[in-house]
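The values are calculated or read from the model by the stated rules, or taken from the named source; none is laboratory data. Not measured: the values here are computed from a predicted model. So basically every Cβ, Gly included, is an ideal-geometry build from the backbone, and we count neighbours across all protein chains shown.
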Amino acid sequence: KQEVTQIPAALSVPEGENLVLNCSFTDSAIYNLQWFRQDPGKGLTSLLLIQSSQREQTSGRLNASLDKSSGRSTLYIAASQPGDSATYLCVLNFGNEKLTFGTGTRLTIIP
Amino acid sequence: DVKVTQSSRYLVKRTGEKVFLECVQDMDHENMFWYRQDPGLGLRLIYFSYDVKMKEKGDIPEGYSVSREKKERFSLILESASTNQTSMYLCASSTNHRGLMNTEAFFGQGTRLTVV
């Protein structure tokens, strides 16, 4: 069974700082990896999608990287804002029509 | 923009009631999924469907059934609701057009179900 771990489970940083969220996985045979954010009581909003053949994707202040050989993905958030406060999930697609979810990192940006 | 729409944001039902949760997507996706999300347990797959009238059990199908009569709609059914089915339910969809496996998944806004 694939395992996807996100460390830390919770993170608090002052507004304006850059930060990195980590996602580790044991099986490198992925088709793609997505980063989502989830606000309390709401659904998952897709942030970035990295295909298996790619090493990184960028959208605005967000940059996601993928290193399959080491089983790692990172989500870099630049110049953090209070609106970035949410739980962040990495989600792996192993091509079996089912998704494997990370354990999540709860991020709090302190104004 | 892809939209996955769940019919209700919040539901309160009584024990023993039959409950229907509806999910509709507007992007002609083949794959549709139902998950439940509980604190400390993360998201767990209940059922998924990769085509009309097709369904596959996920990791926790007990107490649930599904229906996919049309491609855009995937319904989750609680035959006799119980308090341990109080949870956040999330629907998702993705395409597998022409056998593509590396497509993006989209989620609905969630339905918070409380069974009393």
Which residue out of B:L11, B:L43 is within 14 Å of another protein chain (Cβ to nearest Cβ), under 14 Å from the mean Cα position of the chain (by Cα) and either surrounded by fewer than 16 Cβ atoms within 10 Å (Cβ to Cβ) or aliphatic (A, V, I, L, M) (or both)? B:L43
Answer yes if at least one residue in region A:8-18 is surrounded by 18 or more Cβ atoms within 10 Å (Cβ to Cβ) and either under 30 Å from B:K55 (Cα atoms) or touching a residue at least 12 places away in the same chain (Cβ under 8 Å) (or both), and no otherwise. no
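Only one of these is assigned to a strand (DSSP E or B) and more than 14 Å from chain B (Cβ to nearest Cβ): A:S80, A:S12, A:S70, A:S46. Name it.
Details: A:S80 fails: assigned to a strand (DSSP E or B); A:S70 fails: assigned to a strand (DSSP E or B); A:S46 fails: more than 14 Å from chain B (Cβ to nearest Cβ).
Going through A:S80, A:S12, A:S70, A:S46 in turn, the sole match is A:S12.
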For region B:65-78, state whether one or more residues are touching a residue at least 60 places away in the same chain (Cβ under 8 Å) and either under 14 Å from the mean Cα position of the chain (by Cα) or surrounded by fewer than 21 Cβ atoms within 10 Å (Cβ to Cβ) (or both). yes
If I filter region A:90-108 for residues that are surrounded by fewer than 19 Cβ atoms within 10 Å (Cβ to Cβ), closer than 16 Å to A:N18 by Cβ and touching a residue at least 12 places away in the same chain (Cβ under 8 Å), do I get at least one hit? yes
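Suppose we filter region B:96-116 for residues that are away from chain A (no Cβ under 12 Å) and either at pLDDT below 95 or under 17 Å from B:F48 (Cα atoms) (or both); how many remain?
Step one: list which residues in region B:96-116 are away from chain A (no Cβ under 12 Å), which gives B:97-98, B:113-116.
Now drop any that are not either at pLDDT below 95 or under 17 Å from B:F48 (Cα atoms) (or both), which leaves B:97-98.
Qualifying residue count, region B:96-116: 2.
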Which of the strands (runs of 3 or more DSSP E) contained wholly in chain B include at least 1 residues that are closer than 25 Å to A:G95 by Cα? B:4-6, B:19-25, B:31-38, B:42-49, B:64-70, B:73-78, B:87-94
Find all pairs meeting these conditions: Cβ atoms under 9 angstrom apart; at least six residues apart or on different chains; first residue within region A:46-71 and in contact (Cβ under 8 Å) with a residue 12 or more places away in the chain and closer than 16 Å to A:S28 by Cα; second residue surrounded by fewer than 16 Cβ atoms within 10 Å (Cβ to Cβ) and among the aliphatic types (A, V, I, L, M). A:S52/A:A29; A:K68/A:A29
